[in-house]
Amino acid sequence: MKSAGYDEDIMKKSLTADRRNKIARILMKEGSIKVGDLSKRFGVSTETIRKDIIYLDEEGIAEKSFGGAVAKSDLVEQTIDAKEATHSGEKSDLAVKAASLVKPRSAVILDTGSTTKAIAKQLVLREGLTIFTNSLSIALLMAESDNDVYMIGGKIRKSSKAAIGGWADQALDSIHADIAFLGSDGFYGLAGPSTLSYSEAEFKKRVAEAADKVYTAADKSKFQDAGLFAYADWNEITGLITNEDAPRQMVDEIRKSTEVILAEKSGEA
């Protein structure tokens, strides 16, 4: 029979993990944290917060600084508008290739992201499709098209303008799509695509169960980046759509687990 002390130890570890996850999300959103501020916010000692920061530093999430910590530069989450302006040409090439995979009258799921929005810009020219999305910006864009558009509801994340949480996840239980396109914050050193948001990772997992074919669309820069939360192994999705000049060795490695579709540069045969 387990002792009360055992149960208390389990509870303490759970509270510690929850606090550290919250600190990590604060770091990604704000870029820096102060020990004193977090001590007051979480009602724990400054020594406890310092231990949390040491843990996050060891995990590659934070870098210790005087009086607190700063987020690793590649983990600070950009807004959706900032992401759209980055690698826009590569994303446009991916979008053309992705849209070519969508058959007439298909049901399509598009999650939030600058690459999936680029795909939406291609699909807005089509008609007769059924589009499901949790992205406010994609829903507004597709609403002007000759397609049926369904906005998946939930709590809105400020940075990504995405609906997340229980409502959004439950909505996917009633959806069956022919094809889905998911974005990613990177997959360097991982067995599959990932994202910086736990809630969005959970949504993407549900999408992968709701569609016959599921593609991650990620430009070549994502081969050098990684998010905090993996949402699938490569062998659990249909394929990866990326640029033709993506790192060859890494492309070949991913091909051992799933299909890799390479998008040609605009203007090239």
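No lab work stands behind these numbers, since they all come straight from the coordinates. Quantities reported herein were computed from a predicted structural model and do not represent experimental measurements. Methodologically, a virtual Cβ is constructed for each residue, glycine included, from the backbone with ideal geometry; neighbour enumeration extends over all protein chains shown.
Pop a pseudo-label 7 angstrom from the Cα along the beta-carbon direction at both residue 45 and residue 130 and give the gap in nm to one decimal.
5.9 nm
Where does the chain land at 222 nm, in deg cm²/dmol rounded to the nearest 500, when only DSSP H runs of n ≥ 4 count, each adding -39500 (n - 2.57), divided by all residues? If you can, show how the numbers build up before the last one.
Values: 10 runs with 110 residues, N = 269.
Dividing the helical sum by the residues of the chain leaves -12500 deg cm²/dmol.
Between (1) 18.7, 66; (2) 17.8, 55; (3) 20.2, 70, which matches Rg and Dmax of the Cα atoms in Å calculated for the structure shown?
After the calculation, the listed value that fits is (3).
Helix 114-123 versus the longest principal axis of the chain: what is the Cα-based angle in degrees, 0 to 90, to the nearest 10?
20 degrees
Can you tell me the 0 to 90 degree angle between the C-alpha axis of helix 4-30 and the longest principal axis of the chain, rounded to 10?
Helix 4-30 and the main axis of the chain meet at about 60 degrees.
As I understand it, the dipole of the range 125-228 uses +1 on the Cβ of Lys and Arg and -1 on the Cβ of Asp and Glu, about the Cα centre. Which of 152, 223, 168 lies farthest toward its positive end?
Looking along the dipole axis, the top candidate is 223.
May I ask for the longest run of the chain untouched by chymotrypsin sites (Phe, Trp or Tyr not before Pro) that are loop-located per DSSP and have at most 14 neighbouring C-beta atoms (other than their own) within 10 Å?
Details: sites that count: 66, 188.
The reported range is 67-187.
How big is the charge dipole of the range 105-207 about its Cα centre, in debye rounded to the nearest 20, if each Lys and Arg gets +1 on its Cβ and each Asp and Glu gets -1 on its Cβ? Mind dumping the intermediate values first?
Details: 11 positive and 11 negative charges, 57 e Å.
Approximately 280 debye in magnitude.
Estimate the FRET efficiency between residue 255 and residue 96 by the formula 1/(1 + (r/R0)^6), using the beta-carbon distance for r and 25 Å for R0, to the nearest 0.05. Please list the in-between numbers first.
Values: r = 21 Å, r/R0 = 0.85.
That gives a FRET efficiency of 0.70.
Write down the percent of antiparallel bridges among all DSSP beta bridges whose residues are both part of the chain, to the nearest 5.
Numbers: 15 of 40 bridges.
Percent antiparallel among DSSP bridges in the chain is about 40.
Give the range of the longest stretch in the chain that excludes all GluC sites (Glu not before Pro) found in loop regions by DSSP and having at most 10 other beta-carbon atoms within 10 Å. Provide the component values of the computation, followed by the final result.
On the way: sites that count: 144, 268.
Segment 1-143 is the longest.
Go through the range 212-269 and name the trypsin sites (Lys or Arg not before Pro) that are in a DSSP coil and have 13 or fewer other Cβ atoms within 10 Å of their Cβ. Mind showing how you got there, number by number?
Values: sites: 213, 220, 222, 248, 255, 256, 265; in loops: 256, 265.
For trypsin sites (Lys or Arg not before Pro) across the range 212-269 that sit outside H, G, I, E and B with at most 13 neighbouring Cβ atoms in 10 Å, the list reads 256, 265.
Using 7 Å Cα-to-Cβ label points, what is the residue 145/residue 158 separation (nm, one decimal)?
Each label point is offset 7 Å from its Cα along the Cβ direction, giving 3.0 nm.
Hand me the trypsin sites (Lys or Arg not before Pro) from the range 86-136 located in a DSSP loop with no more than 14 other Cβ atoms within 10 Å, in residue order please.
Those that pass, being in a loop and sparsely packed, are 105.
Just list whichever of 121/204; 51/204; 51/220; 97/117; 91/204 have alpha carbons separated by over 25 Å in the model shown. Can you show the working numbers first?
Values: 121/204 21 Å; 51/204 32 Å; 51/220 36 Å; 97/117 14 Å; 91/204 19 Å.
In this structure, 51/204; 51/220 lie more than 25 Å apart at Cα.
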